[in-house]
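Novice: Okay, handing you the structure first.
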Amino acid sequence: YTEYGYYIEISGHTLNNPEKSLQNTLIHALLHTVPDGMRHTGAWKKWAKYVSSKTGYTIQRLAEYKNE
């Protein structure tokens, strides 16, 4: 976060499964914009669980990547 806004960086690891990984990454990052959401605790964790329970996405603190 800067005084001008938020930035999202996308890892090259998303290329293994680009559509699903990119969507999960974007949702993960957007959850950091909720009040008290900058860390992976509190509001971020609450909303990540909510989104995961209501959608087909699995929002986690860390992504798991397999070298293929």
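Novice: Calculate one ³J(HN,Hα) per residue across the range 23-31 by plugging θ = phi - 60° into the Karplus curve 6.51 cos²θ - 1.76 cosθ + 1.60, and present them in order as whole Hz with x for glycine and proline.
Specialist: Here the 3J(HN,Hα) series is 5, 4, 5, 5, 5, 3, 5, 4, 5 Hz.
Novice: What nm distance separates the two modelled labels at K54 and T41, each placed 7 Å from Cα along Cα→Cβ?
Specialist: About 2.5 nm, to one decimal.
Read-outs throughout are calculated quantities, based only on the coordinates presented, and are distinct from any laboratory measurement. On a predicted model such as this, the values are computed, not experimentally measured, just so you know. With ideal geometry, Cβ positions are generated from the backbone for all residues, glycine too; neighbour counts draw on all protein chains shown.
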